[in-house]
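Only one structure is covered here, and it is reproduced in the block below.
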Amino acid sequence: MARVLIVGIATLDIINTVDDYPEEDAKVRASAQAIRRGGNACNTAVVLQQLGHQCSWAGTLADDASSVIIRDDLTGYGVNMDAVQVVASGHSPTSYITLNQRTGSRTIVHYRDLPEYSLTAFQQIDLTGFDWLHFEGRNVTQTRAMLDIAQQQIPAVPRSVEIEKPREAIESLYEGTKLLLYSRNYAHNSAQPHGITDNEMNDPVAFLQTQQQTIPTAEHICSWAERGAWGVGQQGRVLHSPAIDLPRVVDTLGAGDTFNAAIIHAKLAGLPLADCLRDACQLAGQKCTQRGFQKLC
Ligand code: ADP
Ligand code: FRU
């Protein structure tokens with residue numbers, strides 16, 4: 001069992017299941033609706049809890065009815081909430097999700113007005129005793145300062161950062177990070193400015209080679225939905241693990257967050273990169289066969 005600090009957001013997810021993805025301006029009926037706690041950091045935390053670790057979540061909660069759903073769900077999984085910052089202004093961030101039953105794809109419209117987790121709140125956390133720190137790559141200036149504090153106080157403890165979306169100065173989070181976890185969306189968007197051609201934009205190998213040359217001290221991993229995942233370590237050889245073959249994809253919401261949890265779990269166990277990729281594709285694939293995260297492992 002490891003102690004893991006996870007910094008990022010929680011959301012309320014309102015999930016409408018539809019038989020097929022609607023046309024713009026259509027009026028369709030959902031076959032099911034679910035309201036669940038979501039958010040990348042928190043999704044990763046509840047999977048890590050199930051993998052036997054003790055997670056502490058550092059993020060903001062609004063003072064509204066939806067935050068009760070969020071809090072109850074996280075405490076139900078045993079996530080430690082001591083570092084949570086309750087903010088008087090704003091509402092629980094909400095994602096309106098259309099889940100296509102035919103393909104398992106999830107289309108997310110996200111709205112938030114809640115302030116991000118503050119540096120002041122992070123400074124109150126006693127970092128001693130944590131074995132791993134994981135950050136969502138958002139709130140860039142403050143997150144950079146949090147990474148620097150961790151480097152000063154607990155330099156030997158590995159830090160991972162999820163790089164999901166291109167955001168201003170997000171590259172400033174790379175430095176000093178042991179593990180960078182990219183989305184396919186980020187790889188697509190960052191390919192062009194690096195002078196990578198259109199053809200190579202669909203090529204995670206070219207993307208990861210560029211990243212590895214930029215930060216050779218880190219491991220770089222990129223998940224790519226049904227094509228599995230790629231990773232590269234300090235020796236510079238890009239490795240691939242295929243996704244598992246699924247008879248039916250039910251729900252891909254949070255597959256990437258599950259993947260990240262499984263990677264952190266495998267790294268904590270000291271597994272080599274190839275095994276980390278294999279195990280993470282296995283667990284993330286399994287997540288796609290069920291709704292939500294309950295009883296995933
Ligand atoms: P995100 O949820 O962040 O968009 P991905 O779509 O890259 O993340 O999915 C993360 C991982 O989940 C993939 O690397 C793969 O192992 C697994 N996965 C996602 N979609 C499928 C699928 N259709 N079939 C099998 N595995 C999948
Ligand atoms: C899935 C997810 C959802 C949430 C959204 C936030 O990865 O974390 O649970 O609504 O993404 O971006």
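For TYR182, what residues show an amide H to amide H distance below 5 Å, using hydrogens built from the backbone and excluding near sequence neighbours?
Amide H to amide H, under 5 Å and 5 or more residues apart or across chains, TYR182 pairs with ILE163, ILE221, CYS222, SER223.
What's the center-to-center distance, using Cα atoms, between the stretch 113-185 and the stretch 45-95 in Å?
Value for the Cα centre distance between the two parts: 18 Å.
Counting only pairs 8 or more places apart or on different chains, how many lysine pairs in the chain have C-alpha atoms closer than 28 Å? All intermediate terms of the calculation are to be shown ahead of the outcome.
Numbers: LYS165/LYS178; LYS165/LYS267; LYS165/LYS287; LYS178/LYS267; LYS178/LYS287; LYS267/LYS287; LYS267/LYS295; LYS287/LYS295.
Number of lysine pairs found: 8.
Once you sort the root eigenvalues of the Cα gyration tensor of the chain as a ≥ b ≥ c, which label holds: rounded (a/c under 1.5), prolate (a/b larger than b/c) or oblate (the other case)?
Working: a/c = 1.43, a/b = 1.06, b/c = 1.35.
Rounded is the answer for the chain, as its axis ratio a/c remains below 1.5.
When the Karplus curve 6.51 cos²θ - 1.76 cosθ + 1.60 is applied with θ = phi - 60°, which whole-Hz ³J(HN,Hα) does each residue of the stretch 246-252 get, with x for Gly and Pro?
3J(HN,Hα) across the stretch 246-252, in whole Hz: 10, x, 8, 8, 9, 7, 8.
Lys/Arg Cβ at +1, Asp/Glu Cβ at -1, dipole of the chain taken about the Cα centre: which of ALA32, TRP230, PRO247 is farthest positive-ward?
PRO247
What is the diffusion coefficient of the stretch 11-84 in µm²/s, taking the Kirkwood radius over Cα pairs and the Stokes-Einstein relation at 37 °C with a viscosity of 0.692 mPa s?
Answer, rounded: 235 µm²/s.
Bear in mind that the values in this text are calculations on the coordinates, not laboratory data. Just so you know, these numbers come straight off a predicted model, no measurement behind them. Here Cβ is always computed from backbone atoms with ideal geometry, including for glycine, and neighbour counts include all displayed protein chains.
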